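Contents: one structure, followed by commentary.
Values in this text are rule-based calculations from the coordinates and carry no lab data. If you're wondering where the values come from, they're calculated on a predicted model, not measured in any experiment. Virtual Cβ from ideal backbone geometry, glycine too; neighbours counted across all protein chains shown.
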């Protein structure tokens, strides 16, 4: 690049530009990545931004249990992000940490939404009468 040759098999300028732009876009994606959760009287709303631009709603009549629990992202779900457990723990949306809002649907399917605000969610669920005992 800039007239300098690096290594035995140098990459062309176009390849260097594409690699650099790809790396910067990938870094920007991680910088923008966030999980937004809202708990309201009619249900739970979440979005995994920038992959979901609008919130997805789960109404309370579809949820049989909701509680906050500690979990292991690597061993239970294979990492962070949107994951589907092969060990029967259901789906998860998480970006960091090891605490999450566990939802069990009326058909026994599971969804775990990661959180950094465990106490706040527990208080809100208790206020709404939706906090189940962690079992």
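A few notes on this one:
- Which label in (1) 60; (2) 55; (3) 65 gives the computed percent of Cα pairs over 17 Å apart: (3)
- Euclidean distance of C-alpha centroids, region 83-130 and region 26-72, integer Å: 9 Å
- For the chain, the longest principal axis of the C-alpha atoms and the axis of helix 118-128 are separated by about 40°.
- Efficiency of FRET from Cβ geometry, residue 127 and residue 51, R₀ 30 Å, rounded to 0.05: 0.50
- Relative contact order (%) - the chain, alpha-carbon pairs under 8 angstrom, separation at least six: 18 percent
- Distance in nm between pseudo-label sites at residue 61 and residue 32 (7 Å out along the Cβ direction from Cα): 3.7 nm
- Computed [θ] at 222 nm, helices only, for the chain once each DSSP H run of length n ≥ 4 contributes -39500 (n - 2.57): -7500 deg cm²/dmol
- Cα gyration tensor category, rounded, prolate or oblate, for region 56-98 with a/c compared to 1.5: prolate
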